[in-house]
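Visitor: Sharing a structure below in structure tokens format, with a few things to ask.
Every read-out reported here was derived from the displayed coordinates using simple, explicitly stated rules and does not represent laboratory data. It should be emphasised that the depicted structure is a prediction, and the values quoted were computed from it without experimental measurement. Cβ sites come from the backbone with ideal geometry, for glycine too, and all protein chains shown count toward neighbours.
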Amino acid sequence: MSQAPLTVQPPLPLAVVRGKPLVELPADLYIPPDALEVILEAFEGPLDLLLYLIRRHKLDIVDLPVFDITRQYMDYIALMDHLQMELAGEYLVMAATLAEIKSRMLLPKPETEEGEEEDPRMVLIRQLQAYEVIKTAAEQMDTLPRVERDTWVAHAGRAANLVPRVVPPEVSLDELLDALRGVLSKAELFEQHQVEREALSTRERMSRIMSLLSADRFTPFVSLFEPREGRAGVVVTFLAVLELSKESLVEIQQVKPMSQIHVRARA
């Protein structure tokens, strides 16, 4: 069996220039030294930069190491100057303040009558502590939901000619049988032991029920029965109602489940 030749995937283009794929870089391609722009994190001021350096290196604000923080601060200032970023005057003032604190800590402290001289770092430490409290509160407030950023107010108008429509529940066979049991219990009170020929017709009872019903109003289901007719009359009336419903001549409804059943003629 001859082995199928291996397919070599063509190299992917580096870019598409004027609709044509560029696979190799041109030999005369010139990249200027300032083509790569480095975007550093923006700070709101020198205190923000100092707080960033303290948090980054996990330093203690109360026992601020002036030597380390001054070196890191000056390195950052030099980096900003190298990247040709515009430096505000307050950054340079803070650099001079750090240099002054560093020099005062290196010089011997003069003895005074009132006692030891106050730590030259305390003024800067108080400013950093106050700024940290404000910055932390601002960060916590920024996490709260904001209207038009995290939530939006919804407006919905109401239709002028809105008419509520209540859809009545369907009448089940079990509910019809429950109503029939109630009528039968009343019919048993009027039972008579007489031997006579009972002429009961379902069709005749259907005609009589239709004469009692109207398409404009509902008639209670139990009012269609005559308990005096006994069990046979009740059964014939019930069969007549079922036959009318089967032939879509009447409509059986109730307002809510387990409520009274009503019947009316279909329009």
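Visitor: Give me the one-decimal nm value for the distance between modelled label points at ASP75 and GLU170, 7 Å along each residue's Cα-to-Cβ direction.
Guide: Placing both labels 7 Å along Cα→Cβ, they lie 7.9 nm apart.
Visitor: Further question: Be a star and scan segment 228-267 for residues whose amide nitrogen sits under 13 Å from the point 7 Å along the Cα-to-Cβ vector of SER214.
Guide: From segment 228-267, the list is 264-265.
Visitor: A follow-up question, please. Give the long-range amide H neighbours of VAL250: residues separated by 5 or more places, or on another chain, with amide H under 5 Å away, using H modelled in the peptide plane at 1.01 Å from N.
Guide: Amide H neighbours of VAL250: SER245, ARG266.
Visitor: Here is a further query. What's the Cα-based Rg to Rh of segment 168-267, Rh via Kirkwood? Intermediate values should be presented prior to the final figure.
Guide: Values: Rg = 13.7 Å, Rh = 14.1 Å.
Reported Rg/Rh, Kirkwood definition of Rh: 0.98.
Visitor: Can you tally the net charge around TYR131? Count Lys and Arg as +1, Asp and Glu as -1, for every other residue whose Cβ sits under 14 Å from the Cβ of TYR131.
Guide: Details: positive: ARG55, ARG126, LYS135; negative: GLU44, ASP48, GLU90, GLU132, GLU139.
Cβ neighbours under 14 Å give a net charge of -2.
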